[in-house]
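Student: Below is the structure I would like to discuss, written out as structure tokens.
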């Protein structure tokens, strides 16, 4: 908040992006009633959930994980490895939080509340808690997948824009997984679990998900987090440092 104009100006593109998405969904649904079983209000709910996950995830990690490749290639990772703190934790939280993403988070919540009101769904306190836990699981899973992708820098050297590839892939989850063919749905549920990130929390609120998939969502989030930690430790053995 030191540069307040910059803070609010950076929130403007986020607001415009959300409004454009809302407009496009409204335009499409002016000609059809549903897409793969999703009504307009349900798709608004999905978009709101996507913005909540995006706001938290990128607010925390965009200025951190996006620098991992530079740390490895410049030898700056040495500074983290010589400190009595877990190196994965250091590269994940060393830089500042991007509070400009707060607007994404806030508008996401507003859109979710608006959508629930339009659908006519009353959310209990337990539902709100479970939904929040699903969002937390989505953030953990997003972090884990991104960390795994940038960890390949230990082998391939300069792949500085690999985080841009991840951001592009992450954009897929703003669409319901049900629109894809069965083979792609299976891939995005069990192999690259993108469906867990947004579709599962949104379907929980509209009561269209089986309880076992909620357990699967939590399990896969923490399992991939565990794998990302193992992969990071394994990759550190490939690190040559600045002096070698």
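The values are calculated or read from the model by the stated rules, or taken from the named source; none is laboratory data. Quick caveat, the model's predicted, so the values are computed rather than measured. Methodologically, a virtual Cβ is constructed for each residue, glycine included, from the backbone with ideal geometry; neighbour enumeration extends over all protein chains shown.
Student: Checking residue 36 against (1) touching a helix residue (DSSP H, G or I) at 6+ places or on another chain (Cβ under 7 Å); (2) surrounded by 14 or more Cβ atoms within 10 Å (Cβ to Cβ); (3) within 30 Å of residue 214 (Cβ to Cβ), which single condition isn't satisfied?
Tutor: (2)
Student: Consider residue 156 carefully, then state whether it is over 20 Å from residue 50 (Cα atoms), touching a residue at least 40 places away in the same chain (Cβ under 8 Å) and out of contact with any strand residue (DSSP E or B) (no Cβ under 9 Å at 6 or more places or on another chain).
Tutor: Numbers: over 20 Å from residue 50 (Cα atoms): yes; touching a residue at least 40 places away in the same chain (Cβ under 8 Å): no; out of contact with any strand residue (DSSP E or B) (no Cβ under 9 Å at 6 or more places or on another chain): yes.
For residue 156, the condition - over 20 Å from residue 50 (Cα atoms), touching a residue at least 40 places away in the same chain (Cβ under 8 Å) and out of contact with any strand residue (DSSP E or B) (no Cβ under 9 Å at 6 or more places or on another chain) - is not met.
Student: May I pose another question? For a quick check of your reading of the model, give me the residue pairs whose first member lies in the stretch 186-209 and is at positive phi and free of Cβ contacts under 8 Å to residues at least 12 places away in the same chain, whose second is buried (at least 19 other Cβ atoms within 10 Å of the Cβ) and part of a helix (DSSP H, G or I), with beta-carbon atoms closer than 8 Å and at least 6 apart or on different chains.
Tutor: Note: no pairs meet the criteria.
Student: To continue, here is another question. Condition check: surrounded by fewer than 19 Cβ atoms within 10 Å (Cβ to Cβ), at pLDDT below 85 and over 30 Å from residue 155 (Cα atoms). Does residue 3 satisfy that?
Tutor: yes
Student: Do we have residue 166 as free of Cβ contacts under 8 Å to residues at least 40 places away in the same chain, farther than 17 Å from residue 49 by Cβ and touching a helix residue (DSSP H, G or I) at 6+ places or on another chain (Cβ under 8 Å) here?
Tutor: yes
Student: Can you name the residue in the stretch 112-127 that is within 22 Å of residue 18 (Cβ to Cβ) and in a helix (DSSP H, G or I) and, of all such residues, is nearest to the chain's Cα centre (by Cα)?
Tutor: For the stretch 112-127, the residue satisfying everything is 112.
Student: Sticking with this one: What helices (runs of 4 or more DSSP H), lying completely within the stretch 140-244, carry at least 2 residues that are surrounded by fewer than 12 Cβ atoms within 10 Å (Cβ to Cβ)?
Tutor: It comes to 153-156, 162-170, 182-186, 211-236.
Student: Another one. Here is a list: 61, 99, 80, 93. Which entry is at pLDDT below 90 and under 30 Å from residue 212 (Cβ atoms)?
Tutor: It is 61.
Student: So which residues in the stretch 74-93 are surrounded by fewer than 14 Cβ atoms within 10 Å (Cβ to Cβ), closer than 14 Å to residue 232 by Cα and in contact with a helix residue (DSSP H, G or I) (Cβ under 7 Å, 6 or more places away or on another chain), if there are any at all?
Tutor: The answer is 81, and nothing else.
Student: Oh, and also: Could you tell me whether residue 42 is touching a residue at least 40 places away in the same chain (Cβ under 8 Å) and either within 30 Å of residue 152 (Cα to Cα) or surrounded by fewer than 18 Cβ atoms within 10 Å (Cβ to Cβ) (or both)? So that I can check it myself, show each step before the final result.
Tutor: Working: touching a residue at least 40 places away in the same chain (Cβ under 8 Å): yes; either within 30 Å of residue 152 (Cα to Cα) or surrounded by fewer than 18 Cβ atoms within 10 Å (Cβ to Cβ) (or both): no.
Spelling it out, it is not the case that residue 42 is touching a residue at least 40 places away in the same chain (Cβ under 8 Å) and either within 30 Å of residue 152 (Cα to Cα) or surrounded by fewer than 18 Cβ atoms within 10 Å (Cβ to Cβ) (or both).
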